[in-house]
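Below is one structure, written out as structure tokens; comments come after it.
The values are calculated or read from the model by the stated rules, or taken from the named source; none is laboratory data. None of the values given here were measured: they were computed from a predicted structure. Quick reminder, even Gly has a Cβ in these numbers, built from the backbone with ideal geometry, and neighbours come from all protein chains shown.
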């Protein structure tokens, strides 16, 4: 026996000597320009937190990374859901053998993902404790029984009853759950492809310390949180419990770049990178320098004000090409906008004078100057709330949204009694009370440039404006509770359909996606009707009418759809910007040899 053990040991030593030492871990490093808010799918809504969460947790569905037009595919589900002919019943079957990352809450046992985990995770959005900013997605679909269960908890001021059975959300067996809705919901499956919303959490982990839900993520995804310095640094490591999953993206035949990526990476086990380091660098120059100095492997969203020297005329600059750098350029499926608080006594309301005030302010603001001066041409003017590349977008639709006309703006104000009564050069409200705009903003360079444009527009109208500066997460929190008069921000679509952006004006979404708190019965009726229809001309006509109401009442002054320029060093392999897939880290590789040759290996 001793001789046999010695032989085995000798064989292992020889094998190790032949194979050589293990290669160093692959690390991908980059930066967010906005700090994360946390890591709980039931409590987050900002795009940066969703990116992080989507790499830790998993929804039942996902998107093919390279397919264009975008295409749903199964993630933890065994296949796409079975959908009833009336679009009211959705049946999901989860793959056996998927496990959460290890956590003390599991008592030292491997914890398998089950259908009940998705039932619990969706119910958390209804629990008043979490104040979910994503609740509207489920409420709009009217999942049977859950609204009533939430109302019961609110009325009784009691804990939400997770164990109470509801007709609309049930686990049929260990791996199967069903969702039933009151009205047809043809696009509900998209919600179950966003891990930032429907990523599965484990009940034991949440209940072990509910107050830590935003800082203690435990999921089944490819990465787990290894280190965190709030608003400074997040480090993620490969989840050792992640199942065997291999690269199988299917690019379009007419896209040679994506075809080359698929050929190079097909069959590789995911994830390919061992560690991801995400820094928070709010200012543009330091973020760019970190990339140029090779401290970061890629630069997400080259700051538009710095674009001309690096992406002149939409092309990668020659000096960057010589270094082998890559450019990923696309029109973002998003909108940049400023909203008016519709419940604010100065700018809100639906009477003709209030509508005139908002439209005048919108006409005075120079969208084309924003695109030229602030975004350096890296945006296209918006005509409505639906961006390009989404179902419901109509390139022929033109509106006042992108118009700049000071004469028309001043005439509107004069007509409705917003005039200078005391001769001090500033207009008053029709009742003679002071007229002042309180505009919330952030302290970063781009926000300051936008403030200059808003100041110029209001000066031209004779309207006082004051800027209230706070960090982005603070403004977000205040915005959700309706405390801001005006705020400028952007919204990125979460699904390839107009209803996502149209939801920003749907009354029941107030406090969630509807930051303006717009609540017009005629619009709400249009929104509900289009949401229940399958794609087609009838639905397109309703979307068209909804967009027109958004322009007429102007709860949002939508400036444009941003052009995104990502810069990558030559050792970043396989990256393509996907408009909706947040959990993309696992599909990208780092060429360690090229990285080491450049002298930048971490």
**OP:** Run down 316, 327 and say which single residue is part of a loop (DSSP other than H, G, I, E, B) and touching a strand residue (DSSP E or B) at 6+ places or on another chain (Cβ under 7 Å).
**Re:** 316
Original post:
Restricting attention to region 180-220, which residues are touching a helix residue (DSSP H, G or I) at 6+ places or on another chain (Cβ under 7 Å) and within 24 Å of residue 85 (Cα to Cα)?
Top reply: 181, 183, 184, 185, 187, 188, 191, 192, 198
Original post:
Are any of the residues in region 467-474 under 29 Å from residue 286 (Cβ atoms) and touching a helix residue (DSSP H, G or I) at 6+ places or on another chain (Cβ under 6 Å)?
Top reply: yes
Original post:
What number of residues in region 288-302 are touching a strand residue (DSSP E or B) at 6+ places or on another chain (Cβ under 9 Å) and either surrounded by fewer than 20 Cβ atoms within 10 Å (Cβ to Cβ) or within 22 Å of residue 447 (Cβ to Cβ) (or both)?
Top reply: 9
**OP:** Determine whether region 195-202 contains at least one residue that is assigned by TED's automatic domain parsing to the domain that holds residue 132, surrounded by 21 or more Cβ atoms within 10 Å (Cβ to Cβ) and in contact with a strand residue (DSSP E or B) (Cβ under 8 Å, 6 or more places away or on another chain).
**Re:** yes
**OP:** Find the residue count for region 392-414, including only residues that are in contact with a helix residue (DSSP H, G or I) (Cβ under 7 Å, 6 or more places away or on another chain) and not in a loop (DSSP other than H, G, I, E, B).
**Re:** 9
**OP:** Look at residue 132 and say whether it is within 29 Å of residue 504 (Cα to Cα), in contact (Cβ under 8 Å) with a residue 40 or more places away in the chain and outside any helix (DSSP H, G or I).
**Re:** yes
**OP:** Keeping to region 484-515, report how many residues are modelled with pLDDT of 95 or more, under 18 Å from the mean Cα position of the chain (by Cα) and part of a loop (DSSP other than H, G, I, E, B).
**Re:** 1
**OP:** Test residue 476 against the criterion of being under 30 Å from residue 543 (Cβ atoms), assigned to a helix (DSSP H, G or I) and at pLDDT below 95, and give yes or no.
**Re:** yes
